[in-house]
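Okay, structure first, notes after.
Derivation of every value follows stated rules applied to the coordinates shown; laboratory data play no part. Only a predicted model underlies this, so the values are computations on that prediction, with no experimental measurement involved. Here the Cβ positions follow ideal geometry from the backbone for every residue, glycine too, while neighbour counts run over all protein chains shown.
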Amino acid sequence: MTITADAIVIGAGIHGCSTALHLAMRGLKPIVIEKDYAGKHASGVNAGGVRQLARHFAEVPLSVASMELWERIEDLVGDDCGFTSEGQVLVAETEAELESFRARVDELRTTGFTHEELIDHAELKKLVPAVSDSCPGGVVSRRDGAANPFRATQAFRRKAILLGAKVVEGVTVTALTRQGGAWRVSTTAGIFEAPVVVNAAGAWAGRIAAMLGEPVPLEVIAPMLMITSRMPHFIRPVVILRGRKLSFKQFDNGTVLIGGGHLGRADPETNYTELDWTKLSESARTVWDLFPVMRQATIVRAWAGIEARMPDDIPVIGPSSSSEGVYHQFGFSAHGFQLGPGVGALMAELITTGSTNLPIAPFSIMRFSK
Amino acid sequence: MSGSTVLENSYELAIIGAGPAGLAAGAMAAKAGLTTIVLDENPAPGGQIYRAVKTTPVRREDILGADYWHGRELVQEFESSGAQLVSGATVWSVSRALELGVSYGGRTHLINARRIILATGALERPFPIPGWTLPGVMTAGGAQTLLKTSGLVPSGRVVLAGTGPLLWLLAAQILRAGGDITAILDTTPRENYVRALRQLPSFLISPYFAKGLRLLTEVRRKTRVISGITKLEAHGQDKLTDVLFAAGNQPATRMSADLLLLHQGVVPNINLTMSIGIAHRWDELQLCWIPVLDRYGNSSVPGIAIAGDGAGIGGALAAAERGRLAAYAAVKALKPEALSHLPSEQLLFQALSKAEAGRAFLDTLYQPPQRFRVPVDDATLVCRCEEVTAGQIRETVALGCEGPNQLKSFLRCGMGACQGRLCGLTVTEMIAAERRVSPEHVGYYRLRPPVKPIPLAEIAAMPQPESALKAVVRG
C-alpha cells in the first residue's frame, strides 16, 4: 500500500520537525520519515545554544528571524523548550582578538544588525565574574541564551502532529524515484508518495542527495561535549571562544556543559561515536585557563552527536538543482539548533510560495558544482 | 591514592578487575609470557567476593568461611606469575581501538593493549522499595564489604530482606561474627520452588548444593525467617525506624529496626561494556543484560573479551574458569607457540562446565519477583541521583517516551554520577511493563565514558601528543 502526503520530510531533527510544523500551519499534510527517533542525533544531544552571536554573515538574517520565534516559542509549540535568555558572550583572550571582534561588530552595524555589542574588560567581568582576569573584553548578544535541545525537538514534533503532520520513526528511506509528477519514497516500511520531498536528514543527508544524483561534499562529524557534577552557581550567560574552541554553560541544576566543536569519530552506519580524549583534554585545559573556579570540577559524562558539516561551514538550504519538488535543509555544521524554528518557517514559505523574503542564495547546493 | 607502580604505554594484554576472573586470567596469560597488566580500583586484589583477602582484620577463618579463603590461593598464584597488578587504578574509558583511559596516582594515563579482558564483575540488583534511600537502609553487599575490610559487624536491630545466596551467606557471616539478626524477610516467591524443582538434578551434583544446604540450616536455626514476603517498605523520618512487611495475603506488620539490609541478587556490571558499544542481550532467566559472547568470552568488539560475572552471573568458581579461557584465547591469538605451557582447551571447558553446574537451579529459585523489581508505589524513587520517582517515569512513558534514552532527556533519569548503576535495570523493566513489550525491545541507557567521574584537572593534565606540544610552544 502506498501512503500519500502533501510533502515528505526526511529526518525528524529540529529542522525536519520545524518544517513539518510550518507546512502544517500552512494547511499541508506532511509526513516526516525518521530512521531512528526524533532528536536522537545532533538535534537532541547538542549543547542547546540559542545563539545569534558570532555567526557567519550569510546566516545572520536567518538567525535573527529565528530568534524572534524562540522568543515566543511557547506560543509556537506549546512548550517553553527550556529556553532561557541570559545572553551569550564571546570572550576575547587577547587584545588582538578583541580588535578583530571590534571590526566584525562594526561591519555588522553597517548592514543594520545591532545584536552584537563590543564590551570592555569591566563589562565582561560584570557579565561573567568568574572569567580569568587576563581577558581584555569581548562581544555580548544579550537576547541569546540556551534551550533543552531534546525537549525542543520533541515539542516541534508534538505540535506538528497536533496540526495534522504524521511522524513515522524507525523507518529508513532506501530509494527515491520520480513518477508522474510525484516522488515515490521507498522505505523499510513501504512506499510513501508526495509531490514535495524535503531532505533534512542531517548527517545522512548526503545519502539522500546521492540517491537523487546530486552528490554533495558532506562530512560526517561527531562534535563532543562533557558535563560536570553539580557546582555552586557562578555564571549565567553562555560563553564562547573563537581562537580556541569552547562553548561553556552552567545549567540551573549546577552542572556545567563544556563543548565547542572538538570532534570525535562517528560511524553513521551503526550510529556509534567514539570520543577523542586527547582533544577533550584540550577543552579541559581551555576551561582550566579561562575559569579558575573549574579547577575543582569533576567530569561525569562525555558524549558526541552525529552531524553533517559542509566544507564552507554553512548549510545547504533551498531547492534541489536537479530534481523538481525536492528541497534541501541540511549541513548546518554543528550550529543549526538555533536556526531550526526560523529555517523551518522559511522552508514552508519556499515550498508553498516558491520564494522567500530572506536571502538564501548563499546556501544553494549549486555552490558545490561550480 | 599515590601510585607507586610505573605504567607502561602498552601491554600485550590488559585485564580490568582483580577478582577471581581477572586474577586467574592474569596468572595464566603471564605464565604463557604475555606482558600482562591487571588494573583494579580497590586497594588490594580479590574483587568483591575475595575482597581484602590478604588484609582483612577478620582473622577467625570460620566467620567468612572456606569459600572466601580460597581467594588466597588465587592471589598467590597470581603473584608468582609475573603479571603486573595496579591497585587503586580506575579504568574510565575503553575504546574500540583498545586504548584504555586510566586514572591512577592522581593522573590520567592512556594505555594501549593488543587484547583486553574485562573482568569487572557484578553489582547488586536495584531493590527499589518505598524508603530504600533512608539512612539505615543499605545493601547486603555493602554490609559485607564493611565486614571484610574493617571487621564491622552490624549492631542494633538488624533486619535482612530479599532473596539470593548472598543474603544467606551474609546472615551466616554476621551470626558467626557474634552479631544478632532480628529477622530475615524472605521475598523468594513460593512458585519459584516449584519451578526450580526441574533444575534440581543438576544442582544436586553442584559444588554449591551441600554448602548451600548447610548454610540455610545454620541460619534458620539461629534466626527468625519469615517467608513469602509480598510487601516491603522502609519507614522513618530522618532515618530508618520501622520495616513494614506482609507475607502472602496476610495483613501488613510493622517491625522496629535500626538497619535494613536489602539484597535481591547480583547482575553483570555492564557500564564499561555498554560504553564500548559491545552487543548485549536481555536474559529472561537472570533478568538482566548480558554481553553477547562466544565460548571463549570474546565480545562483538574484536580484541575485547569478558570473563567472570560480567559475562553473566556464574559465581566465583566459574568466574576463575572463564578468566582462564579468555586468557587462553588471548595467548592463542598473540603467542600460539606458548599454548603448550597451558592446560588443554578441553580441560578448561570441562572445569568451566563443572563450576557452572546447578546455576540454572539457583537462577530459577532466586529469581526476584516483579513487584520488587518494578515499584508498585508511584512515590518510590527509582533514580536516586536525580530523584526521579516511579510515578514520573510512568507518566512520561504514557506521554510517548519509548526508551531509557528519551527518559534521560525528559527527566534526567539515569544522568547522575552513578551512570544508571542504581536505576538502569528498573527503568528498562518499567518501560517494558508499561508499554507491554520485551525489555530487549526497550533497550538500555546509552552509556558513555568516563564510566566513573574523573577530575577535570586530570583530563587537563593528560599527556599530549607531540603535535599538540609544539602548538603550545608556538602559542
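Before moving on, here are some points about what is shown:
- Legend: P(r) of region A:170-309 from all alpha carbon pair distances, 10 Å bins from 0, whole percents, reading 11, 31, 23, 17, 14, 4, 0.
- Estimated FRET transfer efficiency (B:Gln76, B:Thr253; beta-carbon r; R0 45 Å; 0.05): 0.35
- Long-range tail of P(r) for chain A (Cα pairs > 40 Å, %): 13 percent
- With 20 Å bins from 0: P(r) over chain B, alpha-carbon pairs, percent: 23, 57, 19, 1
- Partner lysines for B:Lys332 [C-alpha distance under 22 Å; skip if fewer than 8 residues away on the same chain]: B:Lys31
- According to the Kirkwood relation over distinct C-alpha pairs, the hydrodynamic radius of region A:175-222 is 11.7 Å.
- Principal axis extents of the C-alpha atoms in region B:357-457 (largest first, rounded to whole Å): 48, 36, 25.
- Percent of C-alpha pairs per 5 Å bin, region B:15-74, short to long: 4, 19, 28, 21, 14, 9, 4, 1
- Within chain B, the longest segment free of exposed loop sites, counting trypsin sites (Lys or Arg not before Pro) that fall outside DSSP classes H, G, I, E and B and have at most 13 other Cβ atoms within 10 Å, spans B:296-435.
- About its Cα centre, the dipole of chain B is roughly 320 debye, where the only charges are +1 on Lys and Arg Cβ and -1 on Asp and Glu Cβ.
- Filter on B:Lys148/B:Lys354; B:Lys231/B:Lys452; B:Lys211/B:Lys239; B:Lys354/B:Lys452; A:Lys159/B:Lys408 - keep pairs with C-alpha separation over 30 Å: B:Lys231/B:Lys452; B:Lys211/B:Lys239; B:Lys354/B:Lys452
- Length, then width, then depth: along the principal axes, the Cα atoms of region A:190-257 run 53, 30, 18 Å.
- Per the Debye calculation on region A:252-292 with a single equal scatterer at every Cα and no solvent contribution, log₁₀ I(q)/I(0) for q = 0.15, 0.18, 0.25, 0.34 Å⁻¹ amounts to -0.49, -0.64, -0.90, -1.13.
- Exposure proxy for A:Ile351, B:Ile459: other Cβ atoms within 10 Å of each Cβ, ordered fewest to most, give A:Ile351, B:Ile459.
- Column: log10 I(q)/I(0), Debye, Cα scatterers of region B:297-368, q = 0.24 Å⁻¹: -1.08
- Using alpha carbons only: equivalent-ellipsoid semi-axes of region A:44-103, gyration tensor based, whole Å: 28, 14, 10
- Exercise: per-residue mean of other protein chain Cβ atoms within 10 Å, B:90-99: 2
- In percent, rounded to a whole number, the relative contact order of chain B is 19, using alpha-carbon pairs under 8 Å and six or more apart.
- Between 0 and 90°, nearest 10: helix B:165-176 axis offset from chain B longest Cα axis: 80 degrees
- Mean-position separation - Cα centroids, region A:183-239 and region B:148-167, in angstrom: 52 Å
- About its Cα centre, the dipole of chain A is roughly 540 debye, where the only charges are +1 on Lys and Arg Cβ and -1 on Asp and Glu Cβ.
- A simple charge model with +1 on the Cβ of Lys and Arg, -1 on the Cβ of Asp and Glu and nothing else charged puts the dipole of the protein assembly as shown at about 1720 debye relative to its Cα centre.
- P(r) weight above 15 Å for region B:322-361, C-alpha pairs, percent: 42 percent
- Computed from the C-beta positions of B:Lys354 and A:Glu99, the FRET efficiency with R₀ = 60 Å rounds to 0.20.
- Note on region B:8-38 and region A:141-166: Cα centroid distance 50 Å, given to the nearest whole angstrom.
- Applying D = kT/(6 pi eta Rh) to the protein assembly as shown, where Rh is the Kirkwood radius over alpha-carbon pairs, T corresponds to 25 °C and eta to 0.890 mPa s, the Stokes-Einstein value obtained is 84 µm²/s.
- CD proxy at 222 nm, helix term only [per DSSP H run n ≥ 4: -39500 (n - 2.57); per residue of chain A; nearest 500]: -8500 deg cm²/dmol
- One decimal place: the segment B:Arg107-B:Ser300 gains 66.4 nm when fully extended, by the rule 0.36 nm per residue minus the C-alpha distance.
- Between helix A:340-353 and chain A: long-axis angle, C-alpha atoms, 0 to 90°, nearest 10: 30 degrees
- Between the listed residues A:Ala65, A:His121, A:Cys17, the Cα displaced farthest toward the positive end of the dipole of region A:17-138, a dipole computed from Cβ unit charges relative to the Cα centre, is found at A:Cys17.
- Selection from B:Gly33, B:Pro135, B:Thr56 lying farthest towards where the dipole of region B:1-148 points positive, charges on Cβ: B:Pro135
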